[in-house]
Amino acid sequence: MKEDPTYGVRRIMAYLRKLGYQVNHKRVERLMRKLGLRAVYPARKTT
């Protein structure tokens, strides 16, 4: 997996499952928190 700051829990979970790992969103969330990883989301357009 390339280093992409827009990868959130769902995309990481899908990638790991594609590789053959059995993970769910709670485990991925826990690991992301432990590693200090946060997804970057585009800023909200208010106008």
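Readers should treat all values here as calculations from the given coordinates under stated rules, not as data from a laboratory. Values in this document were obtained by computation on a predicted structure and should not be read as measured data. All Cβ positions, glycine included, derive from the backbone under ideal geometry; neighbour counts span all protein chains shown.
Computed values, structure above
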{"read-out": "Angle in degrees between helix 25-35 and the longest Cα principal axis of the chain, rounded to the nearest 10", "value": "70"}
{"read-out": "Whole-number percent relative contact order across the chain, with pairs defined as alpha carbons under 8 Å at least 6 apart", "value": "45"}
{"read-out": "With Cα atoms, 0 to 90° folded angle of helix 9-18 axis to the chain main axis", "value": "30"}
{"read-out": "Sparsely packed trypsin sites (Lys or Arg not before Pro) within the chain, loop by DSSP, other Cβ within 10 Å at most 11", "value": "Lys2, Arg38, Arg44, Lys45"}
{"read-out": "R0 of 30 Å, Cβ-Cβ distance Thr47-Ala14: FRET efficiency to nearest 0.05", "value": "0.35"}
{"read-out": "Hydrodynamic radius by Kirkwood, which averages 1/r over all alpha carbon pairs of the chain, in angstrom", "value": "11.7"}
